[in-house]
Amino acid sequence: MAASGGHLVAVGPRGHALWSGDGGASWTQAPVPVSADLTAVALVSPERGWAVGHDGVVLATADGGRSWQKQLDGRALGTLLAAWCAEQSAGDRAVLRQARLAAAQAPDLPFLDVWFADGSTGFAVGAFNLILRTDDGGRTWAPWLDRTENPGGLHLHAVRRVAGEVLRRNLQAIVFA
């Protein structure tokens, strides 16, 4: 669940999303374009927010959770990761191995958390070191798999900003530039 002012949005199994404009006194279910489990939601204002979940799903709302648009899914994620791997051919072998595996499994990979600094810049993190960044509100996403110290490809369960740096759950900083 996420809150902004008295506005609340909750997401969950099978693509369910609920919103409340009265601090939780009443709730309304919103139509969602996916049936994948949704694992996290973030609001940057009472109107703007994002939700992520299984099957590589990233959703956005511009009306406080009353409606949702799909920004990314597993198929598009696989294409994105495969293109990134092709560009990184001289990069770290362990990271490339993880990215190639993620590209092959992308239709099934879950995002586990989402965080936005504002209406433009945000991160989505998930299984097997999956981390993407956007600087345009989610219209495009860039893989950041090579920007974490995670040679084992462990799952990234959470991402937050603390003292000017974006941190993943095990408190190792990633560059917020």
Expressed as a rounded percentage, what relative contact order does segment 39-162 have, with Cα pairs under 8 Å and six or more residues apart? 22
Length gained, Thr121-Ala62, 0.36 nm per residue minus C-alpha separation, equals 19.7 nm
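Using a 1.4 Å probe on the protein heavy atoms, what percent of the accessible area of the chain belongs to carbon and sulfur? Don't jump to the answer; show the numbers that get you there.
On the way: 4330 of 8390 Å².
Roughly 52 percent, rounded to a whole number.
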If each of Leu18 and His157 carries a label point 7 Å out from its Cα toward its Cβ, how far apart are those two points in nm? 2.4
Roughly what angle does helix 74-87 make with the longest principal axis of the chain, taking Cα atoms, 0 to 90 degrees, to the nearest 10? 30
Accessible surface, 1.4 Å probe, highest first, among residues Trp84, Trp27: Trp27, Trp84
Is segment 66-170 best put as rounded, prolate or oblate by its Cα gyration tensor, with a ≥ b ≥ c the root eigenvalues, rounded for a/c under 1.5, and otherwise prolate when a/b is larger than b/c, oblate when not? oblate
Per residue accessible area in Å² of the chain, where ligands, DNA and RNA are left out and the probe is 1.4 Å: 47
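What is the local net charge at Ser67, summed over the other residues whose Cβ is closer than 15 Å to its Cβ (Lys, Arg +1; Asp, Glu -1)?
On the way: positive: Arg48, Arg66, Lys70; negative: Glu47, Asp63.
Cβ neighbours under 15 Å give a net charge of +1.
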Test of understanding: extend the Cα→C-beta vector of Ala76 to 7 Å, then name every residue of segment 8-36 with backbone N under 13 Å from that spot. 33-34
Just from the alpha-carbon atoms, what are the Rg and Dmax of the chain in angstroms? 15.8, 55
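Can you order the peptides 72-81, 15-24 by their average number of other Cβ atoms within 10 Å per residue, highest first?
So the order, starting with the most tightly packed, is 72-81, 15-24.
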Ordering of 147-154, 99-106 by packing [mean C-beta count within 10 Å, highest first]: 99-106, 147-154
Size of electric dipole in the chain: Cβ of Lys, Arg +1 and of Asp, Glu -1, about Cα centre, debye, nearest 20: 220
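The values are calculated or read from the model by the stated rules, or taken from the named source; none is laboratory data. Keep in mind the model is a prediction, meaning the values are calculated, not measured. Glycine gets a Cβ as well: all are built from the backbone with ideal geometry, and neighbour counts include every protein chain shown. When the accessible area is computed, the model is the full protein with side chains, heavy atoms only, and any ligands, DNA or RNA have been set aside. Shrake-Rupley method; radii C 1.70, N 1.55, O 1.52, S 1.80 Å.
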